[in-house]
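See below for the structure under consideration.
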Amino acid sequence: MKNTYFDNAATSFPKPPAVAEMITTYLNAVGGTYGRSAYQRVIDASSGVETVRDLMAEKLQVEHVEHVIFSFNATTAINTILSGLNLNNSHILISPLEHNAVTRPLEILRGKCGVTIDIMPHFPDGRIDIDNVKSMIRDTTKLVIVNHQSNVNGVIQPVDKVKNVVGGIPVLLDLAQSLGHIPVKLDEWNIDFAVFTGHKGLLGPSGTGGFFIRNPDLVDPLVAGGTGSRSESYEMPSFAPDKFEAGTPNIAGIYGLLGALKNPCKRQYKQQKYIELLDTISSCGFVKVLRATDKNDQGDLFSLVHHRYDCSHIASALYTKYAIETRSGLHCAPLAHTTLGTFPNGSVRFSLSPYHTDSDLDFLCNAIKKLEYI
Amino acid sequence: MRTMFAIFHSTRGVVRANRACTKKSIPCKVIPVPREYSSECGMALEFDETVEREIKKVLEEEMLVAEFHKK
């Protein structure tokens, strides 16, 4: 059966069957909350959550498992870090392909805390120009934010090189589109903060996500409340993960994520086939493809702009004629589209899943080739 | 023989300690944190003092910090 769902950057589909099975198991059999009281259901539920924390630490390649924090999505995680760091009157460097999950919280900080923001120098495809980053650093630069893989053209940023150049300045890495698709090595890269979501590349359910924090002392919690620990105190615990996990977590969702992490799908399509698809579409003549200049920097998504029709028209035609599901518009990333010269019109985005086959990519390619005149 | 309790600062600590002890077949039980030792509302580990040394060794291997009480 053809897989015509090409909107995996919004949320992945299909999921490994174990995702639904584990959610059902939790809801119908395990039950119990996390870390409050001590009957068997609580022990089992708590143990399940901690198993996912172990697996996430493995995925992120970090030694300090307790510094992996669960939240409801990458956006909440970014807000926790940006609002919890003391960034008053500081200067922040950001990558040129940032999502609104970063730029909107920064806009609030700009208005309230006198934060100034600069975009790192970059190449036409949005890849950071490492050689020219150092000159952007000021005495007041307190944070560097990098979108690991663009949600518009799929460009993968050289985060290890960015960290090398900025030295001791903390780096916040947004893994929303990359984790599950490409290897992440937070300890090796010496990354200070990294946010992730469970429902995209990891193939888990929505409502799961979180962040890694190298030094929990640097950030105040965004949400305060019950944790099951230090209950005598009106103050939040000072240690991770409790410091950042007030309230009952999304245990059902985390069990779903457990199902995903234990049953990953091996990528069905070949990288060569994907690059051929990009090359074929790029040579069509009636579209501009938003992609990485170097194929080695290309993640599992790309966009296109039609020379004749607007992006919503193309998305609609693909769906009506071929049942191909895509996302058109600005993808919540006006900065990225400005960088790529496609603001405010936007583009049509195609984002792949490991479940896609070579034959699915052929089907997509043939459909796009027929779009010269609609 | 006296009963002992290990109290950890986080849920993760109890879960890891319980897993490690179970793996090594050291008898212990997860119980609600006894009120006389802490006002926390989470979990603690209960065990017989005869396995105190084994439990402490496991916790050391796992780099887990706990507060111990005897009843």
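Shape of segment A:156-275 from its Cα gyration tensor (a ≥ b ≥ c, root eigenvalues): rounded if a/c is under 1.5, otherwise prolate when a/b > b/c, or oblate? Write down the numbers at each step before the final one.
Values: a/c = 3.41, a/b = 1.35, b/c = 2.52.
Oblate shape, in that a/c is at least 1.5 and b/c is the bigger or equal ratio.
Charge dipole of segment A:233-275 (Cα centre as origin; +1 on each Lys and Arg Cβ, -1 on each Asp and Glu Cβ, all else neutral): 680 debye, rounded to the nearest 20.
For chain A, the 222 nm mean residue ellipticity estimated from helices alone, with every DSSP H stretch of n ≥ 4 adding -39500 (n - 2.57) and the total spread over all residues, rounds to -10000 deg cm²/dmol. 3J(HN,Hα) along segment B:10-21, derived from phi through the Karplus expression 6.51 cos²θ - 1.76 cosθ + 1.60 where θ = phi - 60°, amounts to 9, 4, 4, x, 5, 4, 5, 5, 4, 4, 5, 5 Hz, with x in place of Gly and Pro. The mean number of Cβ atoms from other chains found within 10 Å of a Cβ in peptide B:15-25 is 2, as a whole number.
Take the alpha carbon gyration tensor of chain B, find the square roots of its eigenvalues, order them as a ≥ b ≥ c, and report rounded if a/c is under 1.5; if not, report prolate when a/b exceeds b/c, else oblate.
Details: a/c = 1.70, a/b = 1.17, b/c = 1.45.
Oblate.
What are the lysines whose alpha-carbon lies under 28 Å from the alpha-carbon of B:LYS70, with same-chain residues fewer than 8 places away excluded? Those lysines meeting the cut-off are B:LYS23, B:LYS24, B:LYS29, B:LYS56, B:LYS57. Note on B:ARG2 and A:ASP131: the model spin-label points, each 7 Å out from Cα along the C-beta direction, lie 7.1 nm apart. Please name whichever of A:MET120, A:LEU278, B:ALA66 sits farthest to the positive end of the charge dipole of the protein assembly as shown, dipole taken about the Cα centre and charges placed at Cβ: Lys and Arg +1, Asp and Glu -1. About the Cα centre, the residue reaching furthest to the positive side is A:LEU278.
Computed 3J(HN,Hα) for segment A:130-147, one whole-Hz value per residue from the Karplus formula 6.51 cos²θ - 1.76 cosθ + 1.60 where θ = phi - 60°, is 3, 4, 10, 6, 4, 5, 8, 6, 10, 4, 8, 5, 10, 7, 10, 10, 10, 7, glycine and proline marked x. A straight Cα-to-Cα reach below 29 Å connects A:LYS270 with the lysines A:LYS2, A:LYS15, A:LYS59, A:LYS161, A:LYS185, A:LYS200, A:LYS262, A:LYS288, A:LYS295, A:LYS321, A:LYS369, A:LYS370, residues fewer than 8 places away in its own chain not being considered. Note on B:34-43: average number of Cβ atoms from other chains within 10 Å of each residue's Cβ is 5. The mean number of partner chain beta-carbon atoms within 10 angstrom of a residue's beta-carbon across peptide A:37-43 is 5. Using the Karplus relation 6.51 cos²θ - 1.76 cosθ + 1.60 with θ = phi - 60°, the per-residue 3J(HN,Hα) values for segment A:248-253 come to 5, x, 7, 5, 4, x Hz, with x marking Gly and Pro.
Farthest toward the positive end of the dipole of the protein assembly as shown, out of B:ILE55, B:SER10, B:ILE31, is the Cα of B:ILE31, where the dipole comes from beta carbon charges about the Cα centre. The spacing between segment A:1-28 and segment A:77-127, judged by their C-alpha centroids, is 32 Å.
For segment A:142-250, what is the charge dipole size about the Cα centre, in debye to the nearest 20, if Lys and Arg each add +1 at the Cβ and Asp and Glu each add -1 at the Cβ?
My answer is approximately 360 debye.
Using just its DSSP H runs of length 4 or more, each adding -39500 (n - 2.57), chain B gives a mean residue ellipticity at 222 nm of -10000 deg cm²/dmol after division by all residues.
A dipole drawn for segment A:159-251 from +1 and -1 charges on Cβ atoms has a positive end, and of A:VAL171, A:LEU203, A:LEU218 the residue lying farthest that way is A:LEU203. By its C-alpha gyration tensor, with a ≥ b ≥ c as the square roots of the eigenvalues, how is the protein assembly as shown shaped: rounded for a/c under 1.5, else prolate for a/b larger than b/c, else oblate? Taking the square roots of the gyration eigenvalues as a ≥ b ≥ c, the protein assembly as shown is prolate. So, R0 is 25 Å and r is the distance between the beta-carbons of B:VAL51 and A:ASP54; what FRET efficiency does that work out to, to 0.05? The value I calculate is 0.50.
How high is the relative contact order of segment A:218-355, in percent, with contacts defined as C-alpha pairs under 8 Å that are six or more residues apart?
Reported as a whole number, the value is 19 percent.
If you put +1 on each Lys and Arg Cβ and -1 on each Asp and Glu Cβ, how big is the dipole of chain A around its Cα centre, in Debye rounded to 20?
Values: 34 positive and 37 negative charges, 165 e Å.
Using only the charged Cβ atoms, the result is roughly 800 debye.
Readers should treat all values here as calculations from the given coordinates under stated rules, not as data from a laboratory. Keep in mind that this is a model prediction, so the values were computed, not measured. FYI the Cβ positions are ideal-geometry reconstructions off the backbone, even for glycines, and counts take in every protein chain you see.
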